[in-house]
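The structure appears right after this line, and notes come after that.
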């Protein structure tokens, strides 16, 4: 059995690739999924989760409905130009009627069930995860580790000049998680923008894998990225890289520093901040985290292709 992972995501294209990667890996055991708003509305992400679980042939994984909007109270901002109107590029998922019951708080039973061995991976907005820290602080201390995709340190953001999407949409939630989570590893744009899946890699996966939705999703994704980053050679695997860190943490180089997220301001809202000055000191009470700043792409390539072409 693999490592027990509770997966929080907003289930656009890169989240879909991450859950397929986790399923195909024999070292990760997804024990639950929380579907949040983000790339698309929560109703759509929830449907996408059920569709993906059907595609990979694992309908027994419990699905929890996460947040509909950020803690800021603002209307959520969606990005159909990045992930498509339905969140999965050109794919239009077809599933039977979805459960309508609100069941988010039932996720606490799952956390209790896997106490001290559960790993939480969050590759979407952090609203639902932050809510758990506000309501169940003691329970969240039993989570073994957190792997978060978000932020950008000393590199440009992908929504503003300084802010990454998961942090800027709900900076209050991001700051709560950075404040209270222990044993947290953060995977910002510093590394995820370099985790490139080239069209050649996609074609090999399409040829060898039984899961045939990867190519149409990543082809759509690449068109967007090529338009905005003309020199890019493929699609960034933001979320799959974060998921792979659960079993390949040694692939990364980290800085160990406290992180704060700017919660207001017109220019700096959502900015992830860490003090990289070498002479600065911090205490454990400031809650430092592992911030991935670089990684071994060759190791990522070999692992990703080996898993995805099973």
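Observations on the structure shown:
- Residue match in the range 79-94 (condition: under 30 Å from residue 141 (Cα atoms) and free of Cβ contacts under 8 Å to residues at least 40 places away in the same chain): no
- Given (1) in contact (Cβ under 8 Å) with a residue 60 or more places away in the chain; (2) surrounded by 13 or more Cβ atoms within 10 Å (Cβ to Cβ); (3) more than 24 Å from residue 135 (Cβ to Cβ), index of the condition residue 52 fails: (1)
- Residue match in the range 262-285 (condition: more than 21 Å from the chain's Cα centre (by Cα) and in a helix (DSSP H, G or I)): yes
- Test result for residue 6, touching a strand residue (DSSP E or B) at 6+ places or on another chain (Cβ under 9 Å), crowded, with 22+ Cβ neighbours inside 10 Å and within 27 Å of residue 175 (Cβ to Cβ): yes
- Residue list for the range 209-227, restricted to those being in contact (Cβ under 8 Å) with a residue 60 or more places away in the chain, more than 24 Å from residue 122 (Cβ to Cβ) and in a helix (DSSP H, G or I): 216, 219
One line per residue, one yes/no per condition, for (1) within 23 Å of residue 165 (Cβ to Cβ); (2) in contact with a strand residue (DSSP E or B) (Cβ under 7 Å, 6 or more places away or on another chain); (3) surrounded by 15 or more Cβ atoms within 10 Å (Cβ to Cβ):
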site: 65; (1), (2), (3): yes, yes, yes
site: 70; (1), (2), (3): yes, no, yes
site: 84; (1), (2), (3): yes, no, yes
site: 93; (1), (2), (3): yes, no, yes
site: 105; (1), (2), (3): no, no, no
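- Among the conditions (1) within 22 Å of residue 90 (Cα to Cα); (2) touching a residue at least 12 places away in the same chain (Cβ under 8 Å); (3) buried (at least 17 other Cβ atoms within 10 Å of the Cβ), the only one that residue 206 does not satisfy is (2).
- Some residue of the range 228-239 being farther than 22 Å from residue 79 by Cβ, surrounded by fewer than 17 Cβ atoms within 10 Å (Cβ to Cβ), without any contact (Cβ under 8 Å) to a residue 60 or more places away in the chain and touching a helix residue (DSSP H, G or I) at 6+ places or on another chain (Cβ under 8 Å): no
Quick note: the coordinates plus some simple rules give every number you see, no bench work behind them. Small disclaimer: the values here were computed from a predicted structure and weren't measured. As a convention, Cβ positions derive from the backbone with ideal geometry for all residues, glycine included, and neighbour counts pool all protein chains shown.
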